[in-house]
Amino acid sequence: MTNAKPNTWVVDLGSSSHVAKWEEMFAEYSPGERTIEMAKKGHTMCTASTGSITISTGQAGKQVDSVWLRNMLHTPDATENLLSMSKLDRAGGSAVSGGGKVVLLNKDHK
């Protein structure tokens, strides 16, 4: 059984890739299986494709903006949708955390 919900994301400091569970989330979709290594030594997971998605961001339940994420892995067996902090960092983004939440910033710190 999975805990993942289409609109719920986990900011992952250890993941090198963004991961989404549902194909319906993708605006662009390129089928093609590949195997990725997991953080736990010796464990792998199969991806069904890569693509791009748009996620809505917000505060207090209100949509504020949307974020376009490229090279997202579609991984049906994932237990959570993951936002890779290292991938965001390589793209010039950053994050500030505290009080049980994470604020993601683009390369212009917005």
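All of the numbers you see were taken from the coordinates with simple rules; none came from a lab. Owing to the predicted nature of the structure, the values given are computational and were not obtained by experimental measurement. Cβ: placed from backbone, ideal geometry, glycine included. Neighbour counts: every protein chain shown.
Sorting LEU88, LEU105 from the fewest to the most surrounding beta carbons within 10 angstrom yields LEU105, LEU88. With a Förster radius of 25 Å applied to the beta-carbon distance between LEU13 and THR57, the computed FRET efficiency rounds to 0.85.
Ranked for footprinting exposure by Cβ neighbours inside 10 Å, fewest first, ILE53, ILE36 give ILE36, ILE53.
Over all pairs of different C-alpha atoms in region 10-91, the reciprocal of the mean inverse distance, the Kirkwood hydrodynamic radius, equals 13.3 Å.
Its Cα centre serving as origin, region 10-91 has a Cβ charge dipole (Lys and Arg +1, Asp and Glu -1) of approximately 220 debye. Amide H contacts under 5 Å for THR50: SER30, GLY32, HIS74, restricted to partners 5 or more places along the chain or on a different chain, H placed in the peptide plane at 1.01 Å from N.
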